[in-house]
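Worksheet: one structure, shown below.
The values are calculated or read from the model by the stated rules, or taken from the named source; none is laboratory data. Owing to the predicted nature of the structure, the values given are computational and were not obtained by experimental measurement. No Cβ is skipped: glycine too gets one built from the backbone with ideal geometry, and neighbour counts run over all protein chains shown. Protein only, heavy atoms only, side chains kept; ligands, DNA and RNA dropped before computing areas. Shrake-Rupley method; radii C 1.70, N 1.55, O 1.52, S 1.80 Å.
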Amino acid sequence: MQLLTLQPSPNNVKVRAALGYLGIPYDELPQRPDDRSALLAASNQPYTPVLVNDGVGVFDSGAILRHLHAVKPGSTLFPQDTDGMRKLEAWEAGARYGVKDSVGNVFAMIFGRQEQTEENIAAASQALLRDTAPLEAALAKRPYLMGDTPNAADFTWAGVLTYHVGLDTPALRNTPFFDFMSTHFTLSETERPLVRAWASRLLQFDAWIGG
């Protein structure tokens with residue numbers, strides 16, 4: 001397998017962490033933001049990550065996790081029952097679409113789509129606490145969001161929270177937005193201790209972060 005990535009992206013973190021957890025070997029091919037030609041050639045679209053398996057390109061991080069679950073014998077990334085899938089997809093939807101006012105606005109400030117004012121920073125910080133409250137409550141009952149082992153919901157949320165749980169590795173430190181994130185948007189050890197510990201465990205499966 002080959003994985004085409006923009007390494008600091010949370011969606012890329014999510015997929016690499018799942019690959020590491022599943023023990024699936026792969027070659028990572030980091031891409032340049034100003035050159036999307038390899039992505040277009042592999043998947044007919046310009047966004048990362050793209051997984052190439054047996055010559056077939058799979059794009060969208062959620063679709064990639066489903067592909068990995070299908071090809072890895074014994075994978076527990078997804079439950080086998082309808083009720084379990086419904087719950088997992090609700091967690092996924094929260095991470096992918098329900099964090100517009102928190103993580104979405106943080107990245108809007110990073111990329112210049114929103115001003116980095118004290119008011120905007122405070123609003124996004126409070127929204128981040130609000131959006132992670134259900135995670136803290138779930139993790140008070142069990143080691144992972146839905147049980148004793150991690151699944152796709154865990155990796156999806158951990159990817160979203162890559163820069164918010166206090167991890168400080170050379171790879172993360174070298175990203176251009178690490179200082180801004182760590183100064184303003186690190187979840188508190190007193191308010192979100194379970195989220196910090198849980199996400200940090202999962203993110204260590206990402207060879208780019210943990211290596």
Filtered residues of region 175-190 (kept if under 18 Å from the mean Cα position of the chain (by Cα) and among the polar types (S, T, N, Q))
175, 182, 186
Flagged in region 147-194 as farther than 15 Å from residue 10 by Cβ, among the polar types (S, T, N, Q) and in contact with a Leu (Cβ under 7 Å, 6 or more places away or on another chain), in numbering order, are 151
Filter region 133-192 down to residues that are more than 19 Å from residue 93 (Cβ to Cβ), assigned to a helix (DSSP H, G or I) and either open to solvent by 30 Å² or more (accessible area, probe 1.4 Å) or among the aromatic types (Phe, Trp, Tyr) (or both), then give me how many there are.
8
Return the residues of region 89-120 that are free of Cβ contacts under 8 Å to residues at least 12 places away in the same chain and not in a helix (DSSP H, G or I); say none if nothing qualifies.
111, 112, 113, 114, 115, 117
Within region 7-65, can you find the residues that are of a type in the set (A, V, I, L, M, F, W, C), within 22 Å of residue 170 (Cβ to Cβ) and either surrounded by fewer than 17 Cβ atoms within 10 Å (Cβ to Cβ) or in contact with a Ser or Thr (Cβ under 7 Å, 6 or more places away or on another chain) (or both)?
13, 15, 29
The conditions are (1) closer than 25 Å to residue 84 by Cα; (2) among the hydrophobic types (A, V, I, L, M, F, W, C); (3) in a helix (DSSP H, G or I), and residue 209 fails exactly one of them. Which is it?
(1)
Counting just the residues of region 66-97 that are touching a helix residue (DSSP H, G or I) at 6+ places or on another chain (Cβ under 7 Å) and open to solvent by less than 40 Å² (accessible area, probe 1.4 Å), which one comes out nearest to residue 127 (Cα to Cα)?
95
Please enumerate the residues belonging to region 164-190 that are among the aromatic types (Phe, Trp, Tyr) and free of Cβ contacts under 8 Å to residues at least 60 places away in the same chain.
178
